[in-house]
1. Go through the stretch 247-266 and give me each residue that's surrounded by 15 or more Cβ atoms within 10 Å (Cβ to Cβ) and without any contact (Cβ under 8 Å) to a residue 40 or more places away in the chain.
2. For the stretch 268-288, check the following and say yes or no: at least one residue is touching a residue at least 40 places away in the same chain (Cβ under 8 Å), farther than 30 Å from Pro331 by Cβ, surrounded by 23 or more Cβ atoms within 10 Å (Cβ to Cβ) and aliphatic (A, V, I, L, M).
3. Could you check the stretch 352-369 and list, in sequence order, the residues that are in contact (Cβ under 8 Å) with a residue 12 or more places away in the chain, farther than 18 Å from Arg193 by Cβ and not aliphatic (A, V, I, L, M)?
4. Exactly one condition in (1) at pLDDT 95 or above; (2) surrounded by 17 or more Cβ atoms within 10 Å (Cβ to Cβ) is false for Gly292; which is it?
5. Whether any residue in the stretch 158-180 is modelled with pLDDT under 95, on the phi > 0 side of the Ramachandran plot and not aromatic (Phe, Trp, Tyr) is what I want to check.
6. Only one residue in Phe323, Phe307 is touching a helix residue (DSSP H, G or I) at 6+ places or on another chain (Cβ under 7 Å) and touching a residue at least 40 places away in the same chain (Cβ under 8 Å). Which one?
7. Gly228: in a helix (DSSP H, G or I) and at pLDDT 95 or above, yes or no?
Amino acid sequence: MSNSTLRRRFAAGLTALATAAGLVAGAPAIAGAAPAEGSSASSGSLGQLPPAPAFRPAPGDENPVGFRNWLRPGCEWDPVASWVQLCKVWSPAMNRDIKVQVQPARFGGNAGLYLLDGLRARDDWNAWTHDAQAQRIFLQDNVTLVMPVGGQASFYSDWERPINLGGNLVEYKYETFLSEELPGYLDQHFGVRKDNNAVAGLSMGGSAAAMLAANHRDQFKQVSVFSGYMNTTAPGMYTMIPLAMFDQCGCDPFAMWGLPGSPRWGENDPLLHVNKLRDIPMYLTAGSAIPGKYDQPSSLQAVFNTFNGIILEGLSRGSTIAFQNEMNAKPNLATFDYRTTGVHGWGYWNDDLIAARSAQILPALNAGAWPGY
């Protein structure tokens, strides 16, 4: 690695930290919305985040070729409706069934969109179906939505050793599951090709989406990152990430990538793998950490939650800018969208998904509606 590259990456880390500090210092402290049950993106002591506003898809026959109205093996109808099935997929690597919410493609197409959750991922649903409106946003499109359930604090990574969760010893091998085990099931039962996928995520899931795309270029054609942490080895992140993980799961955060400074931390830092991502379409967003249209104060708890959201979004924006600086050192296919307002919240990520859908996801996968439908 050249001295100029080392200097640029060190400067990128300092940029991330300085930008986050500046944004947090300049953002109003009193703002927020009432928390919504079930939100999963928060870290630290943020608590719950408000859900996204309702989304109305274009009218039309939702199942024109009869591809959506029958259950696949291991699946049942999900209460969120919109043809979503809740499936149990066996993972040899984790030695247990993993739940996955799946919305089949409208016309039986072979494209798939993996939607990754946040740090507080629940065990009963993926928050993209409750706190956002993913199943409504893509209702008329020819792409299968793939929404893994669970994996709190996992960064969708293969951990170095099992952890204790609620008294149970649990293996976290989510990269193996998403890249090697789940694709075969989706191909066999939903017709999703193993090489025609996009991946998107918010917060923790955004960082994971970037790394999955970098490591599995034969699987993913496009990646979207909403308020992700794109420089996980930047100054301060060795402390912030383990603290947030421990606050959520009460588990050993160093079971993931080892102690701070261990090689696997670098192996999972998107900024350090930017060379693998320059020739893939990327759509990255971050808010300004200034409360906006989805942040309306309603209680002292909401004020506290939003202040934490300001901090988290400041960190995200700083690391995204650092990632952009590294990315732009050479030609690339990335689009960066920095909102003028907005903290760490589902209303903004829902809007981001809508924007990424038309700008990159559907074109990259050739998964739009058929003419006349």
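1. Scanning the stretch 247-266 gives Phe254, Trp265.
2. Within the stretch 268-288, none of the residues are touching a residue at least 40 places away in the same chain (Cβ under 8 Å), farther than 30 Å from Pro331 by Cβ, surrounded by 23 or more Cβ atoms within 10 Å (Cβ to Cβ) and aliphatic (A, V, I, L, M).
3. The answer is Asp352, Arg357, Gln360.
4. Status for Gly292: all satisfied but (1).
5. yes
6. Phe323
7. Working: in a helix (DSSP H, G or I): no; at pLDDT 95 or above: yes.
No; evaluated as a whole, the condition is false for this residue.
Here's the yes/no breakdown for (1) of a type in the set (Asp, Glu); (2) under 24 Å from Trp346 (Cβ atoms):
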position	(1), (2)
Ala234	no, no
Met240	no, yes
Leu243	no, yes
Cys249	no, yes
Phe254	no, no
Trp257	no, no
Asp269	yes, no
His273	no, no
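The values are calculated or read from the model by the stated rules, or taken from the named source; none is laboratory data. Small disclaimer: the values here were computed from a predicted structure and weren't measured. Ideal geometry is used to build each Cβ from the backbone, glycine not excepted, and the neighbour counts take in all protein chains shown.
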